[in-house]
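*Asks:* Provided herewith is a single structure, encoded as structure tokens, for subsequent inquiry.
The values are calculated or read from the model by the stated rules, or taken from the named source; none is laboratory data. Since we're looking at a predicted model, the values are computed, not measured. Neighbour counts are summed over all protein chains in view; Cβ atoms, including those assigned to glycine, are modelled from backbone coordinates with ideal geometry.
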Amino acid sequence: MEKISVIIPLYNEAENIVELYRRLKDVLQKDFSIFDYEIIFIDDGSSDAAADMLLDLHYRDTKVKVLQFSRNFGHHLAITAGLDYTNGDYVVMMDGDLQDQPEEIKKLYHKLKEGYDVVYGERVHKKFSLMRRVLSECFNFLIRRFIEDPIVINSTIFRIMTKQVVENIRLLREHNRYIVGIIGWVGFKHVAEPVEHGKRYKGESKYNFSRQIDLALNAIFSFSNYPLKFITRLGLFFVIISFGLGGVIIFKKLIYNTPIIGWSSLIVSVLVIGGLQITILGVIGEYLGRNYMENKNRPLYIVRNYWHD
Ligand code: UDP
Ligand code: MG
């Protein structure tokens, strides 16, 4: 019997668990009745009642497995752990706030059976704020521009993958993980399928503005060295400009004996160059820091409890 695994990262989502489980269970029993299945919840260091509720579900339903982290490691590491612990022939990953609708899994699966390895949900009616949607469009533009490898990056988590893809994802153990980038990197045949995007059932988004920016920077810096190339080009550009400008000044002085005027031009150029240098150092520092973190070779996450079977 083929097996379908659903992995769901949760961070302080206690108020969504009952509804999520009810809808998901319904779908699995109805649409996937000929399959064996498992639901793996990853409790990413929640401080609410999530752990107790999940444990309760596990005791009532052996298909529910619960992986509890020793602290909060973050959304993408929680998904990584889920992928490490599944053994399904098909693996679905989705968020735990019901924005990804369990009822859409069937669609993803049918698309997969048309001969693909990864089917990701393309949200048709995004239920995010305007600001969030604008930011996400900017990010998508940048990431497409920066990443040179022919890899498919779509920022939605909601997707279904074959076992073979999951086995290959497990081989990539980098710390700074942008999980959908990693899934794109391993290759195979990807395709999008339109899905409804729901409103968060209860609670608030765990991604505030600064976490969103962090995620976007992480995606860019861990998948591209375009920023390094860009600063080299920028440096060259300024060298050319400064030669040109210097030439003009010397020319004026020698030929026309024009005195060099301008405190303003001086201070502007000092500030511009100063600012640029700091930014450039920052970009180099970013790569250096990442290298340092990777070299420590720490485990990606630490499991406190694993309730299964
Ligand atoms: N999440 C997590 N660890 C975190 C932050 C979030 O496991 O540190 C989970 C969260 O519980 C949810 C999913 O990741 O199931 C997506 O988070 P959220 O809905 O807050 O993000 P948004 O939909 O606003 O992007
Ligand atoms: Mg959400």
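*Asks:* Tell me whether the stretch 264-272 contains one or more residues that are in a helix (DSSP H, G or I), within 30 Å of N218 (Cα to Cα) and either at pLDDT 85 or above or touching a His at 6+ places or on another chain (Cβ under 7 Å) (or both).
*Replies:* Initial filter on the stretch 264-272 (in a helix (DSSP H, G or I)): 264-272.
Next cut, within 30 Å of N218 (Cα to Cα) only: 271-272.
Then keep just the ones that are either at pLDDT 85 or above or touching a His at 6+ places or on another chain (Cβ under 7 Å) (or both); that gives 271.
Yes: the stretch 264-272 contains one or more residues that are in a helix (DSSP H, G or I), within 30 Å of N218 (Cα to Cα) and either at pLDDT 85 or above or touching a His at 6+ places or on another chain (Cβ under 7 Å) (or both).
*Asks:* List the helices (runs of 4 or more DSSP H) inside the stretch 1-110, counting only whole elements, that have at least 2 residues being out of contact with any helix residue (DSSP H, G or I) (no Cβ under 7 Å at 6 or more places or on another chain) and farther than 30 Å from R173 by Cβ.
*Replies:* Output list reads 14-31, 50-60.
*Asks:* Let me ask something else about it. Taking the conditions exactly as written (within 16 Å of ligand 2 (Cβ to nearest atom), free of Cβ contacts under 8 Å to residues at least 40 places away in the same chain, over 15 Å from the mean Cα position of the chain (by Cα) and at negative phi), does R133 satisfy them or not?
*Replies:* Values: within 16 Å of ligand 2 (Cβ to nearest atom): yes; free of Cβ contacts under 8 Å to residues at least 40 places away in the same chain: yes; over 15 Å from the mean Cα position of the chain (by Cα): yes; at negative phi: yes.
In short, yes.
*Asks:* Which members of the stretch 183-216 meet the condition of being free of Cβ contacts under 8 Å to residues at least 12 places away in the same chain and more than 16 Å from ligand 2 (Cβ to nearest atom)?
*Replies:* Passing the criteria: S210, I213, D214.
*Asks:* So, in the stretch 111-127, exactly how many residues are closer than 12 Å to M161 by Cα and assigned to a strand (DSSP E or B)? Reasoning before the result, please.
*Replies:* Here is the first cut: in the stretch 111-127, the ones closer than 12 Å to M161 by Cα are 111-113, 115-121.
Applying the additional criterion that residues be assigned to a strand (DSSP E or B) yields 118-121.
Qualifying residue count, the stretch 111-127: 4.
*Asks:* Out of everything in the stretch 185-238 that is part of a strand (DSSP E or B) and in contact with a helix residue (DSSP H, G or I) (Cβ under 6 Å, 6 or more places away or on another chain), what residue ends up being surrounded by the most Cβ atoms within 10 Å (Cβ to Cβ)? Please lay out each step first, then the result.
*Replies:* Taking the stretch 185-238 as the starting set, the residues that turn out to be part of a strand (DSSP E or B) are 190-195, 197.
When the remaining residues are screened for being in contact with a helix residue (DSSP H, G or I) (Cβ under 6 Å, 6 or more places away or on another chain), the result is 193, 195.
Values: E193: 20, V195: 23.
Filtering the stretch 185-238 for residues that are part of a strand (DSSP E or B) and in contact with a helix residue (DSSP H, G or I) (Cβ under 6 Å, 6 or more places away or on another chain), the one surrounded by the most Cβ atoms within 10 Å (Cβ to Cβ) comes out as V195.
*Asks:* Filter the stretch 195-220 down to residues that are under 25 Å from R177 (Cα atoms), among the charged types (D, E, K, R) and more than 10 Å from ligand 1 (Cβ to nearest atom), then give me how many there are.
*Replies:* Qualifying residue count for the region: 1.
*Asks:* Has the stretch 51-72 got at least one residue that is modelled with pLDDT under 95, among the small types (G, A, S) and surrounded by fewer than 22 Cβ atoms within 10 Å (Cβ to Cβ)?
*Replies:* The answer is yes; a qualifying residue exists.
*Asks:* In the stretch 200-217, which residues are basic (K, R) and under 11 Å from H75 (Cβ atoms)? Give the steps one after another, and end with the answer.
*Replies:* We begin by selecting, within the stretch 200-217, every residue basic (K, R); these are 200, 202, 206, 211.
Residues satisfying the conditions are K206, R211.
*Asks:* Here is a further query. If I go through the stretch 78-99 residue by residue, how many of them are within 8 Å of ligand 1 (Cβ to nearest atom), in contact with a His (Cβ under 9 Å, 6 or more places away or on another chain) and not acidic (D, E)?
*Replies:* 1
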